[in-house]
Structure formats: structure tokens, C-alpha cells
Amino acid sequence: MSFEWKYVRAPLSFLLKAIVLMIFIFPFLWMISTSLQTFQETLTFPPTWIPSIPQWVNFSTAMNAGPFLTYARNSIIVTFSVILIQVLVMIPAAYAFAKYRFAGKEILFSFVLLAFMIPGQVTFIPVYLMLADWGLINSLLPQILPFMANAFGIFLLRQYFMQIPQEIIESARLDNASEFKIIWKIMVPMSMPALATIALFSFVSHWNDYFWPLVMTDSAAVRPLTMGIAMLRETEGISNWHIIMAGNVVLVIPILIVYLFASKQIVKAFVYSGIK
Amino acid sequence: MWKKASSVLLATTMLSGLLAACSGGESPKTTDTGSSAAPAPSGPAGKATVQFWHSLGGKNGEYLDAMIKRFNASQDKVEVVGTFQGSYDETVTKLQQAVAAKTGPDISMLERAYIQMFADSDVLEDMTPFLKKSNMSQDDLTPGLMGHSVFDKKLVSLPFNRSTPILHVNKTMLDEKGLAVPKTWEELKTVANALVIKENNEFKRYGYSMPYDTWYPIAMISQAKGKFFNDQGTSIGFDSALGTKVFKFLKDQQNTGALYYPPQQDSGNIVNQMFISGKIGLMYQSTGVIGSLKDNVKFDYVTSFLPMDAVYATPTGGANLSLMAGSKNKDAAWEFLRWAMIDPQGGLQFILDSGYLPFTKKMVESQQIKDLWAKEPNRKVAYDQLQYAVDTNKHVAWPQVMQEFFKAIQAIMYDNKAIEPTLDTFKKEAERLLKG
């Protein structure tokens, strides 16, 4: 029985992986194909897969439909500021929660978990009112300030730090290492895979975010790429899907690039076990 | 040594992060003087700045931007800044929070069915005095489009980008079968069934389709001489027999393939595509698609009134413009609205570009519109149908009741639930919401 199973398992696992891969990759291929078609081609049925003449002009049409340079700059500034600040807040917070004992630690950590569980849709109105009161609505800060602390990141990193044996920290302290040095020289290098994962998740969610910038910004000058692409859609009538998809390709490329660089670390984060 | 260096490094990275954050907020004001929308009571050179929020993306968004540019170039006292705020629904959300935070615009585009809700909370300015000052009156506007403009005797919105549902017809397909364009429900049923092609138990072609929307069932309720809400606004205005008749009509045809009822997600795009590729011969759909269809179909394409039951009737759609009560620049904002109504370079040009319905009588009588209609009779049909325009889904609680009506449509059209009990449940839910 087990002998036969062995021969079935490999092809079966390959087949399942292929199916899963297809499910994930199909929308991407569809997007790329559509982004290179003419409007007429996007409407034909059955759909065309390979555009007869690739319409590279769709990309410039999409990018000229609005101040896309401003949108791109805003997306970059917001996303990278958020990640940077999150990392700076997250590391000391996770370290304190993992390795220190202090009064109220459990309660404070439960607040972190609470923040982790409440979606933005619940808080956006009070946050908007507060930031409007401070006169910040026409800056990029409403897209950055509310995300300075990444509750999910603190949670994940705390778990990671807790795996690092107390002995290592103790011996560092015996060698007169400051707390800062312990974080910088021991905790951070040992948790690089986790940090990379958190940063990538954060990057993808902020880069792709539509809801938060929609409700937090009132003018084109402070809007990110996602808002610019939403503007390519027709409110009524037939949308130019080839132009919208060209915009989406532009939106997705940075994510793929970042993923290429971070993928190794992410795989490590999930297989990491103990200290080498 | 290392300690010091690293803390300096940390401080620098932190500062640069903050600086990046700050400069991100500051720089748009200095670099994008052209498109910047920093709200200020007066812009450069003593111009009054008027913030105008709208929901038009794509081509129509470009036409609207062009109209705003023409206005800004036409005079040197007012600078209008138009900003896209997402779909109609998203604009409503944004407007609600912005009114509360006092960061709202001077003028906003509002999908017609939401206007009453805003009028009820007194956040829309009564434009009657402004209209009078400009020697204009409500009679200058297209009557069929005024259904969502006056509440509590106050003129709180002006029609702008307005559309109606209409019957889009693949005339070539009908001619092949020797069929005439249907004028009544009965004719629609006959024509639609005649168009069906079924092979090996699979439908190759359906008769007609319509997007998943409350618009079309409401149109049919009105055609059967019912009202969506009763006059007192306490309950729905059609009885069980009438509601059952409408949905039974749709359901029977869905079962024979005469009607293809599309899936919820992206239903508008699906039916457009089916119409273009000849999978259906008739389509209930907004007048907003006439322009794109004309350019993309390879058959003889005409439009016609929605088929009648007892009477011809059509709801209207699209959006109006409102002057916000919280605006500090009402006179400047009015100047823009007035210009849009009367100047040939204003609303008229926008209507010619976009294909929305002309919203003043002057526009209707203009040579440009006459020329357009001579060239594209399909658009004239849409305007002519306005004489039967009636909006019976007017109530402050409409957005909530709409959700319940959608549930009823889903239950009947997708889940094959019995029609009568479903509509009874809907009626009970609606009454509960209307009381609240």
C-alpha cells in the first residue's frame, strides 16, 4: 500500500502545486495581456490572450491621465516612511515585551493585540476628525501617523525574540553590552527573516491601500498611485480596461521587485528554528 | 565608540524618516501650483478658490476637467479646483466625514438618490436666492430631471450629469428574425424568446439582459403603475400582486433563456460585453454607454424607450451638483454653477462631449444639440423618454431600503426563492426602516 502511494504522491503533489500556481498567476497574466490590447480586443469574446500588436501606448495613456509623477512620489514617500518608522518602533517594543518584566506588561500587550484586531474601517472617522482638527488633511501625514506602530509586527517580532535564549542576552550583559547594543548586535541580526517578512507585508498593504488614502485625502497633491488608477475607471459607461490594466501593471511592478529581494528572507522566516 | 556611532546612525535615519514625512506633506504645495488643491479662502492673485468634489473618472472625468479649465480661463476672479473623490458612494462617505470635520468642499456632485439624505441634515444650501439674483428660475431646467432638486421648498441641487435607463437594441439581429423593436412587455417577451438559441441544453444566445441593479425592477414597477414608496413615505407603494407580476415576468423569462440575469460582480460590464458580442439582442442599460457602444458594435445599433406595461415610465440616474451650506465662498461657487448652466462653453459642451442628458431648456434648443441629435438619433430617444421620467424611490431612508431590496432581488433572481413571501419580507423590513 505504502509502496504504491509513493509513486502517486510525487505527481499528485506536482499537479496540486501546478493548479495552485495557475490560480495565483492567472489574474496576473490576464492583467498583463489586457494592458497590451486595444479597446476592441478587450471587448471580444472569446477573449484574446496574445494581443495582435502589443499596445505599449496604453502605458503612456494611463500615466498621462493624471499627475502620476505626484502619485508615484506620494506612494513611495508614504510607504517607505511607514516601514521605517514601524521598524524603529517595533524593535524596542517587541524587545521590551519579550524580555523585560514590568508592571502592566500584560495589559499593555493586550492593547497591542486589540489594535491588531480593529480594522481601519472602524477608526477612520475619529482619526479623520482629529487630523482635520490639527490641520493635517492636506499633507501626507494622515497616511503615515496612524501606522507608526504596527501591532501585527510587534506581535510577530515578540514571538521571535522570545525564542532567542535568555542566556545569550545574559552573557552579553556580563560583557557590559548596553541594551541598545544587545538589540542592534544580537536581536536584530537573529531576527532578520522575521523583520523582512513584516516589512514586506507592510509594504504590500500600504502600497496597495485604497481605502485609507481615499478617506484621508481630499486633493490630488497628496494622493497615492492607487487613487490615480481608480480614477481611470468610468463612473457610468464602459471602462477602458486596457488603460486601467496598464496602470495596474505599473502599480504591481515595485511589489514584484521588492519581493524578489525579500523572498529568501521570508522563506527563512518560516523555516527558521533555533540558533545556528 | 560603536555605541555612539550607531546611535547617531539611528538618530539620522529616524530624522530622515520624519523629514521625508514632513517634506511629503509640504512639497506638493510648492511644486504643484497647477494642480494643487490646498484649500485656501483665496488663491494666488486674490482669486477666490472654489473646491469642487466629483465622482467622474475616465473619459467623463477628462471632459469635466476640461470644462473646469475653460471656466478658470474665462475670468480672473474665481479659481475652481475639481477633485475626484471616488465612486458616487465613496463621495457620499467622504462628504459625510468632511462636513463633520468642516473640511468639506464648496460644491459637491451627489448621486441623485442620496440628495434627500443630505438635504434632511441641512447641509445643502438653498439656491433659490442665487437663482433669482441671476435672473433665472427653476423653469429654465429640464423638468424630467428635477425629481431630486427641491426638498422642503428649498432648491438644494441642480441636475448635471444625468442619465436614464434605456433599451439598447441590436437591430441587425432583430431584422434577421423579422422582429420589430418591442414596445410593450408582451412584445418584449415574444421578441426575447424568439432570439434564444439553445444547443445541447446550453444557451448560445439569450434574448435580453440588464445589470444587477435596483434601477430596472423599479422602472418596471413604475411601468405597471406602481410606486416604489407610498406617498406618505411609510411603506412601499406597490402591492403584493404588482410586485409579484414584475418579478414573475422576469423570472419566467429567465427560465426560458429569454432573460439572462448576470452575476452580481461587474454585472454592467458583463451585459455590455454580451451585447457587443451578440450574445443578447436587447439590453436594459444606462444611456451612459451609448457613446462607447456606437464606437464598438459591428451591427445596426438603435435605442428605444423601455417597454411599457400599463404606461411608459423610467427612473432617472446620474448625479446633481449641490452648493454646500458650509461653504465660505458661496458667491464664487454660484458663479461657477451659473456659468455651467448658461455658457455654451460650460455644461453644454460637457453634455456634447460626455453624452449625458441636456439639463437646461436652452441646451435642448441649442443648435449644437440639434446637430448632435440629427447625427445620433439614439441620444434623442433618451431625451424624449424623459417625458415619462418618474422617480418613486425618494426617501431619506432609501440607501438602507435599497440594501433590503437588493436582498430581495438576490433571493428571487439567484436563489429561486418564492416571489410573494420574499416581497412580503422586504415590505416588513422596509416599513421598519422607514419608521426609524
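Here is a yes/no grid of residues against (1) closer than 20 Å to A:Leu84 by Cα; (2) surrounded by 19 or more Cβ atoms within 10 Å (Cβ to Cβ):
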| position | (1), (2) |
| --- | --- |
| A:Pro146 | yes, no |
| A:Gln159 | no, no |
| A:Glu167 | no, no |
| A:Arg173 | no, no |
| A:Ser191 | yes, yes |
| A:Ala194 | yes, yes |
| A:Ile198 | yes, yes |
Which residues, taken from region A:178-209, are more than 9 Å from every other protein chain (Cβ to nearest Cβ) and assigned to a loop (DSSP other than H, G, I, E, B)?
A:Ser191, A:Asn208, A:Asp209
Within region B:106-136, restricting attention to residues that are of a type in the set (Val, Ile, Thr) and not in a helix (DSSP H, G or I), which residue is farthest from B:Phe84 (Cα to Cα)?
B:Val123
Right, B:Ala100: within 13 Å of another protein chain (Cβ to nearest Cβ), more than 22 Å from the chain's Cα centre (by Cα) and either under 28 Å from B:Thr392 (Cβ atoms) or surrounded by fewer than 20 Cβ atoms within 10 Å (Cβ to Cβ) (or both) or not?
yes
Within region B:259-272, identify whether any single residue is of a type in the set (A, V, I, L, M, F, W, C) and either under 27 Å from B:Gly86 (Cα atoms) or within 14 Å of chain A (Cβ to nearest Cβ) (or both), and answer yes or no.
yes
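Every residue in region B:107-118 that is in contact with a Leu (Cβ under 7 Å, 6 or more places away or on another chain) and closer than 13 Å to B:Phe52 by Cβ, please.
B:Ile107, B:Ser108, B:Met109
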Looking at (1) modelled with pLDDT of 90 or more; (2) closer than 30 Å to B:Glu90 by Cα, can you tell me which one A:Glu234 breaks?
(1)
Number of the exception - A:Ala65 against (1) over 25 Å from the mean Cα position of the chain (by Cα); (2) more than 12 Å from every other protein chain (Cβ to nearest Cβ); (3) not polar (S, T, N, Q):
(2)
Could you go through region B:222-242 and let me know if any residue there is on the phi > 0 side of the Ramachandran plot, within 14 Å of another protein chain (Cβ to nearest Cβ) and out of contact with any Cys (no Cβ under 8 Å at 6 or more places or on another chain).
no
All positions within region A:97-122 that are within 17 Å of A:Ser205 (Cα to Cα) and either touching a His at 6+ places or on another chain (Cβ under 9 Å) or surrounded by 12 or more Cβ atoms within 10 Å (Cβ to Cβ) (or both):
A:Ala115, A:Phe116, A:Gly120
Might you check whether a residue that is modelled with pLDDT of 90 or more and within 16 Å of A:Met90 (Cβ to Cβ) occurs anywhere in region A:204-221?
yes
Starting from residues that are in contact (Cβ under 8 Å) with a residue 40 or more places away in the chain and in a helix (DSSP H, G or I), keep the ones in region A:44-61 and report whichever is nearest to the other protein chains (Cβ to nearest Cβ).
A:Thr61
Residue match in region A:105-115 (condition: within 29 Å of A:Tyr160 (Cβ to Cβ), modelled with pLDDT under 90, of a type outside the set (Ser, Thr, Tyr) and part of a helix (DSSP H, G or I))
yes
Which of the residues that make up region B:107-116 are buried (at least 24 other Cβ atoms within 10 Å of the Cβ) and within 12 Å of chain A (Cβ to nearest Cβ)?
B:Ser108, B:Met109
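The values are calculated or read from the model by the stated rules, or taken from the named source; none is laboratory data. Remember, predicted model here, so these are calculated numbers, not experimental data. For neighbour counting, all protein chains shown are included, and Cβ atoms are generated from backbone atoms with ideal geometry for every residue, glycine included.
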